[in-house]
1. Kindly establish whether Thr43 is in contact (Cβ under 8 Å) with a residue 40 or more places away in the chain, more than 29 Å from Val286 (Cα to Cα) and β-branched (Val, Ile, Thr).
2. Checking the condition modelled with pLDDT under 95 and of a type in the set (Asp, Glu), which residue from Glu259, Glu322 passes?
3. Go through (1) within 14 Å of ligand 2 (Cβ to nearest atom); (2) buried (at least 22 other Cβ atoms within 10 Å of the Cβ); (3) assigned to a loop (DSSP other than H, G, I, E, B) one by one and return the number of the condition Pro139 breaks.
4. Pairs please, first residue from the stretch 308-325 and farther than 19 Å from Ser258 by Cβ and in the same structural domain as Ser143 (by TED's automatic domain parsing), second anywhere and within 15 Å of ligand 1 (Cβ to nearest atom) and in a helix (DSSP H, G or I), Cβ atoms under 9 Å, 6+ apart in sequence or on different chains.
5. Is it the case, given these coordinates, that Ser181 is of a type outside the set (Phe, Trp, Tyr), assigned to a loop (DSSP other than H, G, I, E, B) and under 22 Å from Ser267 (Cα atoms)?
6. Do we find a residue being in the same structural domain as Ala333 (by TED's automatic domain parsing) and over 23 Å from Val296 (Cβ atoms) anywhere in the stretch 262-278?
7. When you go through (1) on the phi > 0 side of the Ramachandran plot; (2) within 16 Å of ligand 2 (Cβ to nearest atom); (3) in contact (Cβ under 8 Å) with a residue 60 or more places away in the chain one by one for Asn179, which number turns out not to apply?
8. Need the failing condition index for Leu134 against (1) touching a residue at least 12 places away in the same chain (Cβ under 8 Å); (2) closer than 18 Å to Asp30 by Cα, just the number.
Amino acid sequence: MKIPSDKITRLRELLATPKNVLVVSHYNPDGDALGSSIAWARTLESMGHRAMCVVPNRFPHFLEWMPGADRIRVFASHADEVTAAAAEADMICCLDFNNPSRLEGLSAAIEANTGATKLLIDHHLAPPEDYFDLMFSYPDSSSTSYIAYKLIEQLAGADAIDRDMGTALYVGMMTDTGNFSFSFLTPDLFRVVAALVEKGIDIPDINHRVYNSYSEGRVRLLSHALGPKMELIEGGRAACMSLTEKELRRFNFKQGDSEGFVNYPLSIEGVLMSALLLENHRFIRVSLRSRGDVDVNAFARRYFDGGGHKNAAGGKSTDTMERTIERFRTAAAEFFNN
Ligand code: 5GP
Ligand code: MN
């Protein structure tokens, strides 16, 4: 991944005078959303700008320890403050998503500010053509945090990244790559990790904080999802798990508790696609993961009004759970037999 120097020049021009910047990331913020946002906001501040980090809803408990997580404003609990800040922003930076629909309730506040410069830093496929003034869109990057590192390095120099920012960026790189086991694991990604290690990040500690801090409810909910609630279809090529609101309550569900569940069925030999159907009070969120050439981005677009990456995508359904499961079965049959 190489960022063209004319784009850096353009960014420098946009940031030539002090700006009020809103750094925004997606619904159900994950490690990459938070890590890239925190490091980007810190960079802007070091260049003399004001920056506020905003996400639509709460982030999971296992990310609360991240250095800088305390500065993230959650729209769901600070709607007035965030709406006012969005209205005043000269620049809106969208990190780790490229479609405004991923902002859910926060999108109206963002859309209302038509005067702000819009900047994209992201690794999702197919950004909208005419929405952003400047795009750093690299779908072949394993995380937005990796793009953020490269961008900060070119814009402000690697010295602008301190240990705390490095820790935040590493969380993003680590979580979006499934602890460096998914695709786009380039030599340069590991060079960046090496640079972060030189800044003093503590990898065993980060690993422990992210992966070994689950609540009892989450672990029991996982066993429920993989046990009674997992169905294998299409001759074992697809797996589907579903969790209703009632079940979530039974396991004392907290935001983010089901993060990562959808990956587990892919550890079964022969399973090429995995789905998690998660009910909330408004709709059913569909999470999809796949292996190899099975394109769940296409699947999500075609059947569940969503999108994402080739091997990790999502969408939604406003049908009942039973009907959504049935739709998934039909869609999988069509998808695997064509
Ligand atoms: P997750 O299953 O972790 O919620 O989402 C996996 C990926 O799918 C995310 O990185 C996101 O890009 C994408 N995704 C999830 N839900 C949606 C959706 O409703 N619309 C689109 N376009 N992408 C989604
Ligand atoms: Mn990401």
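1. yes
2. Values: Glu322 fails: modelled with pLDDT under 95.
Residue meeting the stated conditions: Glu259.
3. It is condition (2) that Pro139 fails.
4. From residues that are farther than 19 Å from Ser258 by Cβ and in the same structural domain as Ser143 (by TED's automatic domain parsing), there are no pairs.
5. Details: of a type outside the set (Phe, Trp, Tyr): yes; assigned to a loop (DSSP other than H, G, I, E, B): yes; under 22 Å from Ser267 (Cα atoms): yes.
Answer is yes for this residue.
6. Filtering the stretch 262-278 down to residues in the same structural domain as Ala333 (by TED's automatic domain parsing) leaves 262-278.
From what is left, the residues that are over 23 Å from Val296 (Cβ atoms) are none.
Scanning the stretch 262-278 turns up no residue that is in the same structural domain as Ala333 (by TED's automatic domain parsing) and over 23 Å from Val296 (Cβ atoms).
7. Only one criterion is unmet by Asn179, namely (3).
8. Of (1) touching a residue at least 12 places away in the same chain (Cβ under 8 Å); (2) closer than 18 Å to Asp30 by Cα, only one is false for Leu134: (2).
The values are calculated or read from the model by the stated rules, or taken from the named source; none is laboratory data. Predicted, not measured: the structure shown is a model, and the values here were computed from it. Cβ: placed from backbone, ideal geometry, glycine included. Neighbour counts: every protein chain shown.
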